[in-house]
Every structure is written in structure tokens, then in C-alpha cells.
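Single-structure report; data block below.
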Amino acid sequence: MKTIILARTAGFCFGVTRAVDTVYREAEQETGPVYTYGPIIHNEEVVRDLETRGVHVLPDRAALEALKEGTVIIRSHGVGRDIYELCKNNGLKVVDATCPFVKKIHRIVEAENAKGNCVVIVGDPHHPEVEGIRGWGREDTAVIESAEDLVRQVPDRAESLSIVSQTTYKLSKFNKIIADCINLGYHIFCFNTICNATQERQSEAQEIASDVDAMIVIGGRSSSNTRKLAEICSHECKKTFFIQTAADLIPGCLARCDRIGITAGASTPKHIIEEVQTIVGSEF
Ligand code: F3S
């Protein structure tokens, strides 16, 4: 008799679940055209399914500028203030599915600027979440990935700096950057806005993988967070299988495995996880 241990944190995090549910709800209720500003998640299957339900992806700002009617759903990453203004000016209805943890960062940025502090974001300047956060700050809002970046962007060390982080940033890296900035003599107010959904998913996967005969990691090959999960699991469990869907499971690969663990990356839909669970549970 096989024992299957499914990770509690497998698949979508709270913010993504909320955003995806919002899009499906709008697709059902809305009579006019519905759009998402960027793909709602990095999962082609979900995006295609939404297309069949009449939800179209606006690939960029130019597409939004050209739009004069319909409902625009803002994804969990959030957007800058200018995007809300653009939608308002174009007479579009906005449904905001920004993750509340990201929204909280927008509010911090506004409040810190209002106090006269300069805002610094620790994160990837090209990530949409960071671009969105930056869009709530003043012109001088800096985005850094090291203390050297800060020196270049904010040379005046007498400035009062309020530092926030991209939600998915690595805590140890964030702490090091803060310590380096303090050592350089900057006056800092630090807001650790890292969300631990990713960290929790990784720790749980590691724990399960260390205690099973085989571990299955489900997610897209191009998903960096899923690849990371697979890497962590294969350190703990030699029989780690990285699959995209249940169809990738080779019959017999779980022979003589009594305890099997399952986890999934952040953009793996629930029905794919459930399908794998069912197949593994049958005499596969
Ligand atoms: Fe997910 Fe929101 Fe955290 S989108 S990773 S719960 S910041």
C-alpha cells in the first residue's frame, strides 16, 4: 500500500490563487470584454483556457493605451499608479487582483515619500512587481541589488532612506545589502516586505523529500522556482522526478516505492496536481 504525501504548499500561493480565481469569476460574470494586464500566471495552459472563456492578455502598455472599453484585471504583481490613471482616462473598468502583500508595499512607498524619505527597493529592476512598486514612488525612487548600486543611485549619504524589498527576494541577500548600506553610513529605515510563500514551499519540499522513497516535482521546465524545487528535492531524494503533467510519468518508475512525496511550483494549477496524485495513488 503506497503512502502519498502531498505538500500543503504545492502550487499557487495565496496571492496567485486569489488573482486566478478573480479572473475566472470575472470571465463568468462580465458581459463585456475582459482583459488581464500581462498573463495572469506563467502557465500557458491556464492562459489558453482563459482565452477560450473570452479573457485576452494585454501584452504591454501600448495595448492598454489603445483600449477604449472593457474590464482590465490587474494581476498579483501589481502595477504603478499611472496604469490605474490610464485605465480611468480610457473609461475602462479596473478589477484589482494585486496581492495584498504587494499592495502593502505600495502603501509603504507612498507613506515614506510623504514623510520626505527617499525610497529604495531591493529587487530586480526589470521584474514587473518592482516596476509596479516603483510606480508608486517619487522620481528618485532607486532600485538596487547591492550597496554599490545604492552609492551610484543615491550618492548623498545624508538622505533618509526607506528600504523595501521585492516580495520574492532572498532574505539572506536582503539582510546583507542592508548591513552593507548601514556600514557605508546611510541612515536607513528598513521594511522587510519579503513574502515567505516561496521559502515555505522550499522548506516543506525539502522536509518531505528527505522522508520518502520517491519525490515528484510538478511544474514547467522554464519555471525557475520549480527548477529550484527539483534541485532541492534531488539533494534529499535520489528518485526525484521533475514532470510537467501526469503524462510525463513513466509507467513503473515508482515500482518498489512505498512512500511518495508530491510538490509543485508556484504556477502549477491544482487540477494537474490532483491528477498526478490520483495516478500515483493507483497501482501505477
Ligand atoms: Fe504570492 Fe503574494 Fe507572496 S503573490 S508569493 S502571496 S506576495
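The values are calculated or read from the model by the stated rules, or taken from the named source; none is laboratory data. Everything quoted here is computed from the prediction, not taken from an experiment. Here the Cβ positions follow ideal geometry from the backbone for every residue, glycine too, while neighbour counts run over all protein chains shown. Accessible surface areas use protein heavy atoms only, side chains included; no ligands, DNA or RNA. Shrake-Rupley method; radii C 1.70, N 1.55, O 1.52, S 1.80 Å.
So which residues in region 58-102 are open to solvent by 10 Å² or more (accessible area, probe 1.4 Å), in contact (Cβ under 8 Å) with a residue 24 or more places away in the chain and of a type in the set (S, T, N, Q), if there are any at all?
SER76, ASN90
Among (1) more than 14 Å from HIS77 (Cβ to Cβ); (2) at pLDDT 95 or above; (3) open to solvent by less than 50 Å² (accessible area, probe 1.4 Å), there is one condition GLU110 misses while meeting the rest; what is its number?
(3)
Would you mind telling me which numbered condition in (1) touching a residue at least 60 places away in the same chain (Cβ under 8 Å); (2) of a type in the set (Ser, Thr, Tyr); (3) in contact with an Asp or Glu (Cβ under 7 Å, 6 or more places away or on another chain) THR22 fails?
All conditions are met except number (3).
Return the total of residues in region 131-168 being within 16 Å of the ligand (Cβ to nearest atom), among the small types (Gly, Ala, Ser) and part of a helix (DSSP H, G or I). Give the steps one after another, and end with the answer.
Here is the first cut: in region 131-168, the ones within 16 Å of the ligand (Cβ to nearest atom) are 131-133, 136, 164-168.
Now drop any that are not among the small types (Gly, Ala, Ser), which leaves 132, 165.
Applying the additional criterion that residues be part of a helix (DSSP H, G or I) yields 132.
Going through region 131-168 one residue at a time, the tally reaches 1.
Among the residues of region 68-99, count how many are at negative phi, outside any strand (DSSP E or B) and away from the ligand (no atom under 16 Å from the Cβ). Quick ask: steps written out before the conclusion?
Step one: filter region 68-99 for residues at negative phi, giving 68-69, 71-77, 79-90, 92-99.
Pick out the ones that are also outside any strand (DSSP E or B) and you get 68-69, 75-77, 79-90, 92, 97-99.
From what is left, the residues that are away from the ligand (no atom under 16 Å from the Cβ) are 68-69, 80-90, 92.
Residues that pass the stated criteria total 14.
In region 12-42, what count of residues is obtained for those that are more than 11 Å from the ligand (Cβ to nearest atom) and either buried (at least 22 other Cβ atoms within 10 Å of the Cβ) or farther than 29 Å from ALA205 by Cβ (or both)?
Number satisfying all stated conditions: 15.
Contact list please: Cβ distance under 7 Å, first residue in region 192-212 and touching a residue at least 24 places away in the same chain (Cβ under 8 Å) and among the hydrophobic types (A, V, I, L, M, F, W, C), second residue part of a helix (DSSP H, G or I) and within 12 Å of the ligand (Cβ to nearest atom), pairs at least six apart or on different chains.
Pairs that qualify, where the first residue is touching a residue at least 24 places away in the same chain (Cβ under 8 Å) and among the hydrophobic types (A, V, I, L, M, F, W, C) and the partner is part of a helix (DSSP H, G or I) and within 12 Å of the ligand (Cβ to nearest atom), are CYS195/PHE101; ALA197/PHE14.
Quick one: is VAL120 within 27 Å of ILE40 (Cβ to Cβ), surrounded by 22 or more Cβ atoms within 10 Å (Cβ to Cβ) and in contact with a helix residue (DSSP H, G or I) (Cβ under 8 Å, 6 or more places away or on another chain)?
no
Hey, can you tell me all the residues within region 114-130 that are within 20 Å of the chain's Cα centre (by Cα) and not in a helix (DSSP H, G or I)? Write out each step before concluding.
So the first thing to find is which residues in region 114-130 are within 20 Å of the chain's Cα centre (by Cα), and the list is 121-130.
Hits for region 114-130 are ILE121, VAL122, GLY123, ASP124, PRO125, HIS126, HIS127.
What number goes with the only condition from (1) out of contact with any strand residue (DSSP E or B) (no Cβ under 8 Å at 6 or more places or on another chain); (2) among the aliphatic types (A, V, I, L, M); (3) within 16 Å of the ligand (Cβ to nearest atom); (4) in a loop (DSSP other than H, G, I, E, B) that MET1 does not pass?
Tallying (1) out of contact with any strand residue (DSSP E or B) (no Cβ under 8 Å at 6 or more places or on another chain); (2) among the aliphatic types (A, V, I, L, M); (3) within 16 Å of the ligand (Cβ to nearest atom); (4) in a loop (DSSP other than H, G, I, E, B), MET1 fails exactly one: (3).
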